[in-house]
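Let me begin by presenting the structure, written as structure tokens, before commenting on it.
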Amino acid sequence: MRPILPALAFVSIGLLFAPVIGPQRTSVTIALVPSVPAGSTFIAADKGYFSAAGLDVKIERIDSLNKAVAFVATNQVQVGQGGIDAGYFNGVAEGLPIVMALESGSTPLYHQILLRPELKNQIKTVADLKGRKVGISPPGSTSVYEIGMVLADAGLRIKDIDLKYLAFTQMGAALANGALDAALEVAPFADIAIEQKIAVPWIDPEEGYIKRLPLTNVAYIANTEWIKQSPEVAKRLFVALAHAGRDYCQAYHHGPNRAEVVDIMVKNKIVTDHDLLDRMDWQARSPDGEFNLDSVDSVQTFFKQEAIIDKTAPRERLVDASFAQAAAKELGPFALANKSSKLMGCR
């Protein structure tokens, strides 16, 4: 009989020097609407926060969060990121397994109502908007809520203006050719229209008109059944995203990582003009991804009042606060690198 000890010794030595195979990475898909606030997802990917959390994250691009609702509800994708809209509130009210899990864009938004230059002496008060052609984008978005809050200051409703839905990229031309009298525009398009003298700045809805601040307009939504089945995976994902959100906030305040974050956004085609992105206003966010539930519920109430949605959901169903709480606990207090920044938000 041949001795087996030498063979066992050989196997042991081989195992000793074999490569260590780590635990299998968990796959997660995020569908996002490309925008400056969505840069946080690409920051998490590019800086290795997903990888460090043991996650293999696939990022898909979509053109509205409304489209993501159906995909998230059926768990075709686990998470969606984009502008909060009526589709989300309708989905929750209908009992779909979706919830807002992390805030990713809020006050200050740097939105402006612009006027055609020739109307600046005719439209002086909110009441002067009655019957006027006002551009917003897109239907059912928080932009409608912003305009609604401004109109309410003069006792007006959405029905009292001639609302026109246009892409932000089209509003400047529409103001220039008279197709619009006013428009709720966002950076950098507002700045471009003002620089080209085809519009003049008039009202920032967040300055005295919107009562429930901070206003959240961008969020991560997630499938609640996926969260229940994989709570630890969901927690690791959202802590990684909150970590990236803090990097975004440091760059928002023109911290030492500004150039790095701008490069990541340009690389991932969030904005293609590097210089424009560096000089434009970015909207803020909560460093922990915490929601202002009063604000979220105010948007839902307004949508119901304006018959944009058919029914409302209980406010406690709108937001899962546990992930922001987990991020705050794991990441610790947020401290600005650029302590001289005077910018509001992202603090």
| remark: Note on residue 301: of the conditions (1) touching a Gly at 6+ places or on another chain (Cβ under 8 Å); (2) surrounded by fewer than 21 Cβ atoms within 10 Å (Cβ to Cβ), unmet is (1)
| request: Could you tell me which of the residues 117, 97 is surrounded by fewer than 22 Cβ atoms within 10 Å (Cβ to Cβ), in the same structural domain as residue 232 (by TED's automatic domain parsing) and touching a strand residue (DSSP E or B) at 6+ places or on another chain (Cβ under 9 Å)? | output: 97
| remark: Filtering region 74-103 for residues that are farther than 26 Å from residue 232 by Cβ and either in contact with a His (Cβ under 7 Å, 6 or more places away or on another chain) or in a helix (DSSP H, G or I) (or both) leaves a count of 5
| note | Scanning region 36-70 residue by residue, the ones that are at pLDDT 95 or above, of a type in the set (S, T, N, Q) and in contact with an Asp or Glu (Cβ under 9 Å, 6 or more places away or on another chain) total 1
| said: What are the pairs with Cβ atoms under 6 angstrom where one residue, in region 299-314, is free of Cβ contacts under 8 Å to residues at least 40 places away in the same chain and the other, located anywhere, is of a type in the set (A, V, I, L, M, F, W, C) and assigned to a helix (DSSP H, G or I)? Sequence gap at least six, or different chains. | reply: none
| query | Can you find even one residue in region 280-296 that is surrounded by fewer than 14 Cβ atoms within 10 Å (Cβ to Cβ) and at pLDDT below 95? | reply | no
| query | In region 191-211, which residues are of a type in the set (Gly, Ala, Ser) and more than 15 Å from residue 177 (Cα to Cα)? | reply | 208
| Selection within region 37-73 - part of a strand (DSSP E or B) and out of contact with any helix residue (DSSP H, G or I) (no Cβ under 8 Å at 6 or more places or on another chain) | 58, 60, 61
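Taking residue 232 as the residue in question, decide whether it is closer than 26 Å to residue 66 by Cα and not small (Gly, Ala, Ser).
no
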| request: Just one of (1) modelled with pLDDT of 95 or more; (2) under 30 Å from residue 59 (Cβ atoms); (3) not assigned by TED's automatic domain parsing to the domain that holds residue 301; (4) not in a strand (DSSP E or B) trips up residue 131, so point out which. | output: (2)
| message | Quick check on my filter: what residues within region 252-265 are touching a residue at least 24 places away in the same chain (Cβ under 8 Å) and either assigned to a helix (DSSP H, G or I) or crowded, with 24+ Cβ neighbours inside 10 Å (or both)? | response | 252, 261, 264, 265
| Hey, among the residues in region 192-210 that are under 14 Å from residue 109 (Cβ atoms) and charged (D, E, K, R), which one's surrounded by the fewest Cβ atoms within 10 Å (Cβ to Cβ)? | 207
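The values are calculated or read from the model by the stated rules, or taken from the named source; none is laboratory data. Just so we're clear, the structure is a prediction, and the values are computed from it rather than from any experiment. Glycine also receives a Cβ, built like all others from the backbone with ideal geometry; neighbour counts cover every protein chain displayed.
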